[in-house]
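The block underneath contains the structure these notes are about, expressed in structure tokens.
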Amino acid sequence: MAARSLIRILLVGVSLTLATIISGALVTISASATVCSSWPLCLEELVQSQNPLVWIALFHRLFVALALLAVFAGLVAVWRSSDTAGLPRITAGVAAAFFLLQALAGALLVWGVPAMVADVWHLSGALLAFGAQSLTIALIAVPTPATPERLAGRAAQMQRRLRSLAWWSAAAAGVAALAIGARSVVPSFGMMTAVPTNSVSAVGFAALLSVWMALEARRRLRPVAETPASALALPRYSLFLPVLALLALFGIFIPVAGHLISLTAMALLWAGTIIAAVILQRVPFSYATATAGVRSQPAWRTVVADYISLTKPKVISLLLVTTLTTMFITEAGLPSWWLVIWTMIGGYLAAGGAGAINCAFDSDIDINMGRTSRRPVPSGRISRRAAFVFGLLLSVLSIIVLWVFTTPLAAFFALLGIIYYAWFYTGWLKRSTWQNIIIGGGAGAIPPLVGWTAVTGSVSLMAVVLFAIIFYWTPPHFWALALVKQKDYARAGVPMLPVVAGEAETRWQILVYSAIMMAVSLLPVAIGAMSWIYLIGAVVLGLRFMRDAWAVWRVGDQTAIWGLYKYSLLYLALLFAVMVADRLIIG
């Protein structure tokens, strides 16, 4: 079968699925399902009743039947086509499975299964089928190039960044669509608590990512000779995606009809971002960089970028991961999404404020180190005083946000973390003793305490254990970096362990503290806070950490050291993620 004919069949299916979603939402809003007690077509009620709501339910079921036939017709066509082997067949099968699931959920509703289960999965199954259908069409319409493009340097980095942004936008749009659907079906219930019931935050986040992706695509993408004509419009087409996102956000605040607007717009945004992501993944483009094809940034953008860099976003990301995951493992149960959002905002402001103050205090050190000499303060783009005032302002805002929107105890720990890092570590400890990293590790271990107390308002033994895990994780993590950058630290006069005690002693201490860290990581099981799921994860992750630490001690080359440093970042994030999985599965 020709690709064009196949795509037409799939387009019919995805259009009927969208009609199923919209008509299903109309059934929910109008409560017309209650007047149609038979299944699948409720023809008896149509003959006996004069209630016009019967027609809404009937048309929805007709759309379901037609869409089901179209989805399976598309599945057969995809499998019979010789040009669609591999991923398109899988996604077409997933679409058929999800649509069949939603049809069965609709039958269960009629047969008396509680709406909290069947109604939510009835709509979500259709939405998931719609996403899988959209992906199938994109994979078939945009084939993989015969000769993969080869980019290097900043262009390759820009390509990876834009592709990642597109897929994250698609994921966010999917979550937002599910959140809108779940919220409308059962207002107090959202996808078994896996999706935020507050659809405003979900849609807002999806809108933010779609705007970002559209602007970056418009700004960076340049066609090349191999770019197919069908993909040339992507930079302009992507600008319609934020319009759909804003339309969905606007519809949330309109009673009744607004829900249909929001759900339709977000479903279309989901399909659009999926198609854009596939195009960016498969179609060859040239990617303009700051030195090739992109106009220099206006002065205000450079200033904004410099001030953002003062907050050390890359460092903050891991701190926020530990804060976020901690909020989902407390004994208080799952937090509200508004609490999560405000805690993340307060956490970023606190860590960013401390980072900016650190940049102001450490400018005399940073100027003598290769990796930090280009920061805004040592390079002269921002004065020390301006950086300090900026950091102080962010710190004050963080305390206000956490105090007002979370708990006073969370605000207290955030303040403690700011003082610990910005003044105690940066102002004195770092410059005074080789134990700066050991003692200073407490600053990076405070975020879990902020997350825990934001949810519970109190400190428990498990919160202290989380603090201890990061406290003992910090030395092997940072000493690995210090081994690589020891010449910089020596030139700047910072008494890091490799400078004071030498490489051999540092490698041994890395092994010792790694062993202590692994032992401490098992304490959540010992105190009864975690189960066998976490135990298995902690042991597996810890053994890999110990293997890398052993390689640093025994071999000690740059490959082993960098391997430990990079894995240590992944280790901490995965360890806390396993805790969340344990709590969600075991309870």
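Please give the solvent-accessible surface of residue 60 in Å², to the nearest 10, using a probe radius of 1.4 Å with every protein chain present.
20 Å²
Residue by residue through the stretch 429-437, what is 3J(HN,Hα) from phi via Karplus (6.51 cos²θ - 1.76 cosθ + 1.60, θ = phi - 60°)? Round to whole Hz and write x for glycine and proline.
Working through the residues one at a time gives 4, 4, 9, 10, 8, 6, 7, 4, 6 Hz.
Compute the relative contact order of the stretch 513-582 as a whole-number percentage, counting only Cα pairs closer than 8 Å that sit 6 or more residues apart in sequence.
Result for the stretch 513-582 is 39 percent.
Using a 1.4 Å probe on the protein heavy atoms only, what accessible surface does residue 430 show? Give it in Å² to the nearest 10.
20 Å²
Pull out the extension gain between residue 464 and residue 163, defined as 0.36 nm times the separation in residues minus the alpha carbon to alpha carbon distance; nm, one decimal.
Numbers: separation 301, 0.36 × 301 = 108.36 nm, distance 3.94 nm.
Here the segment from residue 464 to residue 163 would lengthen by 104.4 nm.
The values are calculated or read from the model by the stated rules, or taken from the named source; none is laboratory data. Computed from a predicted model, the values in this text were never measured in an experiment. For the accessible areas, the whole protein counts, side chains as well, though only heavy atoms, and no ligand, DNA or RNA atoms are used. Shrake-Rupley method; radii C 1.70, N 1.55, O 1.52, S 1.80 Å.
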